[in-house]
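The structure appears below as structure tokens.
The values are calculated or read from the model by the stated rules, or taken from the named source; none is laboratory data. The structure presented is a predicted model; accordingly, all values stated were derived computationally and were not measured. As a convention, Cβ positions derive from the backbone with ideal geometry for all residues, glycine included, and neighbour counts pool all protein chains shown.
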Amino acid sequence: MNPDFRTLLWNAIGLIGQGVFFSRFYVQWYATEKKKQVVVPVLFWWLSLMGTFLLLLYAVFYDGHRIIIAGYSLAWIPYVRNLIIHQRNKEAHLDCPGCGLSCPPRAKFCSECATRLVPGTAVSKPVLQ
Ligand SMILES: [Zn+2]
């Protein structure tokens, strides 16, 4: 591989990794401003994971800086864990049999139409084709 091309390629990967990683702050800020409360959307964790992966590749295969490699090699653990927790929480939501609203886990009544929610009796939403 041409050394100049290799440098260009890895610098592009590192720059994209930084961009993806940094963009998560704007995603989180936007979600927070939209809801007027501090929110960490699931996209934040995906961007964190993708940015970390690209920066780890850059550090391992091009930069070789051990401190940077050490930092990024463990950063993915809380990102993956938060994605797992998010998915479990999403699956535990109850669909209101009255209006179809997705209600938080352990909610007793729908916040939209006040229908009583009973776990295990959720009505599946029709699939659009
Ligand atoms: Zn409802």
Which listed residue is surrounded by 11 or more Cβ atoms within 10 Å (Cβ to Cβ) and not assigned by TED's automatic domain parsing to the domain that holds Asn11, from Gly100, Gly71: Gly100
Number of the condition not met by Gly64 [criteria: (1) under 13 Å from the mean Cα position of the chain (by Cα); (2) surrounded by fewer than 11 Cβ atoms within 10 Å (Cβ to Cβ); (3) of a type outside the set (Lys, Arg)]: (1)
Pairs with Cβ under 6 Å, 6+ apart, first in segment 81-110 and closer than 23 Å to Ser48 by Cβ, second more than 8 Å from the ligand (Cβ to nearest atom) and aliphatic (A, V, I, L, M): His86/Val42
Lone unmet requirement of (1) outside the structural domain of Ile13 (by TED's automatic domain parsing); (2) closer than 30 Å to Gly14 by Cα for Pro105: (2)
Residue check, Leu47 touching a Lys or Arg at 6+ places or on another chain (Cβ under 7 Å), under 30 Å from Pro105 (Cα atoms), part of a helix (DSSP H, G or I) and at pLDDT 95 or above: yes
Single match in Val80, Val60 (criterion: within 30 Å of Pro105 (Cα to Cα), in contact with a helix residue (DSSP H, G or I) (Cβ under 8 Å, 6 or more places away or on another chain) and modelled with pLDDT of 95 or more): Val80
So Ala92, is it over 18 Å from Tyr26 (Cβ atoms), at pLDDT below 95 and hydrophobic (A, V, I, L, M, F, W, C): yes
Filter result for Tyr26 (in a helix (DSSP H, G or I) and surrounded by fewer than 17 Cβ atoms within 10 Å (Cβ to Cβ)): yes
Qualifying residue in segment 47-56 (condition: within 21 Å of Val27 (Cα to Cα) and in contact (Cβ under 8 Å) with a residue 40 or more places away in the chain): yes
Any hit, segment 92-100, residues being touching an Asp or Glu at 6+ places or on another chain (Cβ under 6 Å), assigned to a loop (DSSP other than H, G, I, E, B) and either of a type in the set (Lys, Arg) or within 16 Å of the ligand (Cβ to nearest atom) (or both): yes
